[in-house]
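The next block holds one structure in the form of structure tokens; read it before the comments.
Nothing in this text is a laboratory measurement; each read-out follows from the coordinates by a stated rule. Predicted model, so just to flag it, every value in this text is computed and none were measured. Note: ideal-geometry Cβ built from the backbone for every residue, glycine included; neighbour counts use all protein chains shown.
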Protein chains: 2
Amino acid sequence: EDDVYFGSYAHFSIHQEMLKDKVRTESYRDFMYHNPTLFKDKVVLDVGCGTGILSMFAARAGARKVIGVDQSEIVYQAMDIVRENGLDDVVTLLKGRIEDVELPVDKVDIIISEWMGYFLLFESMLDSVLYARDKYLQPNGVVHPDSCTIVLAALDDPDLQASHVTYWDDVYGFKMTCMKSEVIKEASVEIVKAEKIISDQVVVKTLDSCTCSVTDLQFSQDFTLTATSEGQINAIVGYFDIFFHKGCSKQVMFSTGPGATPTHWKQTVFLLQQPIKVTKGQTIKGHLVCKKNRRDPRSLAITMTVDGVTQNFMMQ
Amino acid sequence: EDDVYFGSYAHFSIHQEMLKDKVRTESYRDFMYHNPTLFKDKVVLDVGCGTGILSMFAARAGARKVIGVDQSEIVYQAMDIVRENGLDDVVTLLKGRIEDVELPVDKVDIIISEWMGYFLLFESMLDSVLYARDKYLQPNGVVHPDSCTIVLAALDDPDLQASHVTYWDDVYGFKMTCMKSEVIKEASVEIVKAEKIISDQVVVKTLDSCTCSVTDLQFSQDFTLTATSEGQINAIVGYFDIFFHKGCSKQVMFSTGPGATPTHWKQTVFLLQQPIKVTKGQTIKGHLVCKKNRRDPRSLAITMTVDGVTQNFMMQ
């Protein structure tokens with residue numbers, strides 16, 4: 001399983017896509033460049049360093065030593081890149097899983113990582129960051145981003161219902177209604193227009209990467225959505241916000257929500273079997289359960305109850 | 001490897017994408033519905049039946065018996081779908097690799113299959129169709145689509161060069177020039193605008209699925225492109241055309257080329273290390289070698305020589 005996972009990051013186009021996601025990359029850059037005091041003379045660990053961009057940002061921000069670790073083959077390019085930029089006296093890159101490699105230092109002052117997946121937790125890479133934190137972070141150290149929130153909102157989008165559900169009633173003259181329940185189970189990753197949101201946006205989970213544990217990454221949570229206009233809820237949309245706050249004189253954050261500049265994470269859409277009609281101000285109660293898939297711990301099994309109806313979703 | 005391959009077709013969204021590709025699905029439909037004489041009372045084998053759509057088209061077109069085979073879990077949905085449409089007296093579906101399953105008949109009259117991958121041969125599914133042909137097709141039988149061509153043309157698209165090559169000269173203030181040669185090696189699948197084609201479009205391979213052998217799927221071929229206008233060749237674009245001709249009173253074809261309605265196969269772009277300036281009417285000589293990747297036979301290793309410069313490309 002993990003060979004497939006790390007193999008997917010050996011493709012160069014995926015790194016190009018991530019680098020070209022300016023919201024993502026410039027947030028990391030701004031966090032580091034605007035907080036030189038935080039980085040001055042520090043030892044930094046970059047978990048899952050990819051092309052080495054975050055490691056180089058840290059070096060430029062004043063770090064004394066940066067160690068980047070990645071199990072994907074891309075790390076060999078990163079080594080070339082670091083040399084090409086004359087940063088090999090500061091940045092050391094290692095190929096391997098963070099759980100397996102031997103670092104050239106006992107402790108680090110700062111851990112940086114871009115570990116986020118769709119709906120924040122897809123790919124379960126945060127587990128490796130927490131492993132690194134518990135093993136290598138010195139007592140007063142920080143992990144960045146330090147805070148992350150998962151947010152839900154209600155979506156009024158009849159086209160989505162038509163495209164994913166009604167579609168199966170007549171496929172070139174054939175009925176494929178059994179596909180409806182199967183397609184609904186697959187949470188879809190797509191860009192949602194902000195004007196289709198018809199509720200407040202509620203935080204259902206906050207993770208502090210400096211203190212949370214792996215068990216916190218599987219959770220259940222009640223939530224209440226309040227309709228901001230009359231309409232029909234076809235789906236719940238999920239996304240995440242990322243914060244670089246702890247120890248920062250200049251705080252940085254970015255959102256992957258509808259309305260913000262789209263990122264390569266887009267949003268995650270959980271379609272409802274039955275649309276729910278709402279009036280402005282009406283509250284809808286819900287419950288979210290987010291777990292790792294037992295058969296593939298990098299994928300997510302999500303159970304969502306909305307207005308009394310429970311549905312299971314998979315992200316894989 | 002093959003578990004990953006067939007597993008990818010267990011996702012429902014991929015079947016939705018393929019079904020919603022109207023150029024693809026309606027071509028198969030029209031071929032069958034407009035040639036009822038070909039199908040009347042025949043025994044049809046559908047290799048890689050997916051949701052069963054082609055099997056059902058064949059049944060509606062008058063086939064006496066249709067056998068659909070797929071190794072992916074989607075075949076269980078296809079069984080429901082066939083029942084839902086009251087076609088289970090005609091259509092029989094089997095789960096398994098075509099190389100392993102035992103068909104309920106010795107011979108079939110027609111083999112249908114939608115086996116095409118990016119640049120036609122990516123995924124190497126035609127191998128399985130040819131296996132089925134050699135084992136199950138009766139002497140006067142036909143395989144449809146019966147004819148496929150791979151076509152190349154020259155592309156003048158400076159943005160492509162900027163986005164994939166020049167980009168690496170300055171990535172957020174860092175040089176990543178070593179990424180250029182790596183990114184260029186990955187042929188990219190994208191939709192190319194017809195107005196950016198500045199040469200004739202030349203067929204470099206024609207495959208007759210009724211007669212070709214697995215060894216024909218690895219080939220090398222000289223080609224000559226003639227510039228249709230002055231410009232700069234940044235890339236070679238490849239695509240394929242598909243024909244349903246043999247035994248058809250009403251012939252059907254579709255193209256995945258630039259200018260035709262885009263399909264989910266888009267086009268395949270092979271970027272040149274160095275752009276080539278051309279004047280109208282100028283000819284450019286080239287040579288194409290298309291092979292299976294030895295380490296992963298479902299991926300392709302392509303070598304292209306254009307104007308004396310040889311480059312290696314991978315599709316994986």
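Structure above, values below:
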read-out	value
Qualifying residue in region A:72-88 (condition: hydrophobic (A, V, I, L, M, F, W, C), crowded, with 22+ Cβ neighbours inside 10 Å, under 21 Å from the mean Cα position of the chain (by Cα) and within 11 Å of chain B (Cβ to nearest Cβ))	yes
Test: residue in region B:25-44 that is touching a helix residue (DSSP H, G or I) at 6+ places or on another chain (Cβ under 8 Å), charged (D, E, K, R) and assigned to a helix (DSSP H, G or I)	yes
Enumeration of residues in region A:32-48 that are within 13 Å of another protein chain (Cβ to nearest Cβ) and surrounded by 23 or more Cβ atoms within 10 Å (Cβ to Cβ)	A:M32
Check on A:S220, in contact (Cβ under 8 Å) with a residue 12 or more places away in the chain and among the hydroxyl-bearing types (S, T, Y)	yes
Of the criteria (1) within 23 Å of A:G173 (Cα to Cα); (2) in contact with a Phe, Trp or Tyr (Cβ under 8 Å, 6 or more places away or on another chain); (3) of a type in the set (A, V, I, L, M), which one B:V44 fails	(2)
Conditions (1) surrounded by fewer than 24 Cβ atoms within 10 Å (Cβ to Cβ); (2) within 14 Å of another protein chain (Cβ to nearest Cβ); (3) without any contact (Cβ under 8 Å) to a residue 60 or more places away in the chain; number of the one not met by A:S55	(1)
Given (1) part of a helix (DSSP H, G or I); (2) farther than 30 Å from A:I53 by Cα; (3) in contact (Cβ under 8 Å) with a residue 24 or more places away in the chain, number of the condition B:D134 does not satisfy	(3)
Where B:R64 falls short, out of the listed (1) more than 19 Å from A:F174 (Cα to Cα); (2) of a type in the set (D, E, K, R); (3) away from every other protein chain (no Cβ under 14 Å)	(1)
Filtered residues of region B:158-176 (kept if assigned to a helix (DSSP H, G or I) and within 8 Å of chain A (Cβ to nearest Cβ))	B:H164, B:Y167
Criterion (surrounded by 14 or more Cβ atoms within 10 Å (Cβ to Cβ) and hydroxyl-bearing (S, T, Y)) met by exactly one of A:T177, A:T211, A:T166	A:T177
Unique match (being more than 24 Å from A:V252 (Cβ to Cβ), among the polar types (S, T, N, Q) and within 14 Å of chain B (Cβ to nearest Cβ)) among A:S27, A:S13	A:S13
In region A:177-201, residue farthest from the other protein chains (Cβ to nearest Cβ) [restricted to those that are under 13 Å from A:T256 (Cα atoms) and touching a Pro at 6+ places or on another chain (Cβ under 7 Å)]	A:A194
Number of positions in region B:107-131 that are in a loop (DSSP other than H, G, I, E, B) and of a type in the set (G, A, S)	1
Residue match in region B:4-15 (condition: farther than 28 Å from A:D3 by Cβ and hydroxyl-bearing (S, T, Y))	no
